[in-house]
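Just so you know, all these numbers are worked out from the coordinates, no wet-lab data involved. It should be emphasised that the depicted structure is a prediction, and the values quoted were computed from it without experimental measurement. All Cβ positions, even for glycine, are placed from backbone atoms using ideal geometry, and neighbour counts span all protein chains on display.
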Amino acid sequence: MREKKSEVFYAYRYFLTNSGQLSLFEGESLDRKEKMDGVLRKISDEGIRKETIKGQEYLTIYVKRYGDALHLFKFSKKREQVKFELVKQDIQPNEQLDYPFCYLLIDTTRQLFLISRNTVVFQKPEQGRNAVEGFFQVLLGQTPWNIGLREITNSAPFWESVKDADKIYMLRFELSSPNLFGNLFKTNELLKKVKELQNSELTTFQFNNKQGGLRITKEELQDTVEYANNGGGTWTMKLVPRGEKKKITLSGKLNVKTTTVQDFEVVYEKMTAEDWEARIETVDTLDLERKNGDK
């Protein structure tokens, strides 16, 4: 009988960028989808795929497909365990292999990775993100394509931090080159220009004031904050909270959006693409239909 356990999934946007491409062609969006579909098809055909990254072996097992764009995997980290067993009149070590895993759902339409929480595999969410990102980078092989995973986060903590700050010394945005958002964000247009001119995959903007007098307003930065929080990048802020004296550093990475599926081991085989869409919409609020209409 399968265990009735809930699975909490962290939400990430994946970006595929072609480092050899000096301009953004309209056909690149199709190229990205075809590239990711090809990688997933390869895993599906093999059933199981193993890769070693920095001396650690990981593997993926293809579990199920929902509709045309949703793919479910088990993502495992191999580890060796030593158990001590009673052998006759002595206690002897017995080395065993263990494959703890988390679930991984990939949505190739929204460019999403949902990675389930399992602290036996990864103690921190960013460890799981880094491992998954590294695994798929290996699968892309010797091509000009690079993959990056960015947290989808809540906007509220950013503006709450600004409102409650006595002094703000630094604000930094690290923004991925645009390949998903269409004309939804003005920031997207700026990054397109940077991509065309410098072929940059990641662009950093940083604002500093040694006296802690940075002025941060929604009128000027709301669009950039939303771009980052929707998986387009990350933000980091150094400030002194009101009523305190010590500087602290905050990051949007700490506020990753999650969605929960109750009794996952029992229900995932019967779930439909529509069931997943309902959960995905709680973490991804982008108007993709409008984006597609702007192309």
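As a check on your grasp of the helix formula, calculate [θ] at 222 nm for the chain: sum -39500 (n - 2.57) over DSSP H runs of n ≥ 4, divide by the residue count, round to the nearest 500. Could you put the intermediate results ahead of the total?
Values: 8 runs with 84 residues, N = 295.
That comes out to -8500 deg cm²/dmol.
Under a Cβ-only charge scheme (Lys and Arg +1, Asp and Glu -1), can you give me the dipole magnitude of the chain about the Cα centre, in debye to the nearest 20?
Working: 47 positive and 44 negative charges, 203 e Å.
Using Cβ point charges on Lys, Arg, Asp and Glu, the chain gives about 980 debye.
Given a cut-off of 30 Å, name the pairs among LYS192/LYS218; LYS35/LYS270; LYS5/LYS257; LYS50/LYS124; LYS50/LYS88; LYS186/LYS247 whose C-alpha atoms lie farther apart than that in the structure shown.
Numbers: LYS192/LYS218 22 Å; LYS35/LYS270 28 Å; LYS5/LYS257 20 Å; LYS50/LYS124 22 Å; LYS50/LYS88 38 Å; LYS186/LYS247 32 Å.
Result: LYS50/LYS88; LYS186/LYS247 exceed 30 Å.
Just to check I understand the Karplus step: with θ = phi - 60° and J = 6.51 cos²θ - 1.76 cosθ + 1.60, what whole-Hz values come out for region 153-159, glycine and proline as x?
With coefficients 6.51, -1.76 and 1.60, one gets 10, 7, 7, 3, x, 5, 6 Hz.
With angles folded into 0 to 90 degrees, how steeply does helix 186-198 sit against the dominant principal axis of the chain? Use alpha carbons for both and round to 10.
Around 80 degrees separate the two axes.
Using packing as a proxy for protection, rank 243-250, 34-41, 99-106 so that the peptide with the highest average count of other Cβ atoms within 10 Å comes first. Intermediate results must be reported in sequence, preceding the final value.
Values: 243-250: 11.0, 34-41: 16.0, 99-106: 19.6.
Most protected by this proxy first, the peptides run 99-106, 34-41, 243-250.
Taking the Cα centre of region 156-254 as origin, sum charge times position over the Cβ atoms of Lys and Arg (+1) and Asp and Glu (-1), and report the length of that vector in debye to the nearest 20.
Working: 16 positive and 12 negative charges, 96 e Å.
So the dipole magnitude of region 156-254 works out to roughly 460 debye.
At 0.36 nm per residue, minus the direct Cα-Cα distance, what do TYR99 and LYS270 gain on full extension? Give it in nm, one decimal, please.
Details: separation 171, 0.36 × 171 = 61.56 nm, distance 2.51 nm.
Full extension of this stretch gives 59.1 nm more.
Given labels modelled 7 Å from the Cα in the Cβ direction, how far is it in nm from LYS247 to GLU281?
4.5 nm
With labels modelled as points extended 7 Å from the Cα through the Cβ direction, what inter-label distance (nm, one decimal) is found for GLU34 paired with GLU189?
The two pseudo-label positions are separated by 3.0 nm.
For the chain, with the dipole built from +1 on Lys and Arg beta-carbon atoms and -1 on Asp and Glu ones, taken about the Cα centre, which of VAL39, VAL256, VAL138 lies farthest toward the positive end?
VAL256
Volume per residue, Å³, of the convex hull around the alpha-carbon atoms of the chain?
Values: hull volume 55.7 nm³, N = 295.
Spelled out: Cα convex hull of the chain, divided by residues, is 189 Å³.
As I understand it, the dipole of the chain uses +1 on the Cβ of Lys and Arg and -1 on the Cβ of Asp and Glu, about the Cα centre. Which of THR282, THR234, SER176 lies farthest toward its positive end?
Towards the positive end, the residue furthest out is THR234.
Quick one: what Rg and Dmax do you get for region 7-149 from the alpha carbons, in Å?
18.1, 73
What relative contact order, as a whole-number percentage, does the chain give when Cα pairs under 8 Å and 6 or more residues apart are counted?
On the way: 524 pairs, mean separation 74.5, N = 295.
Result for the chain is 25 percent.
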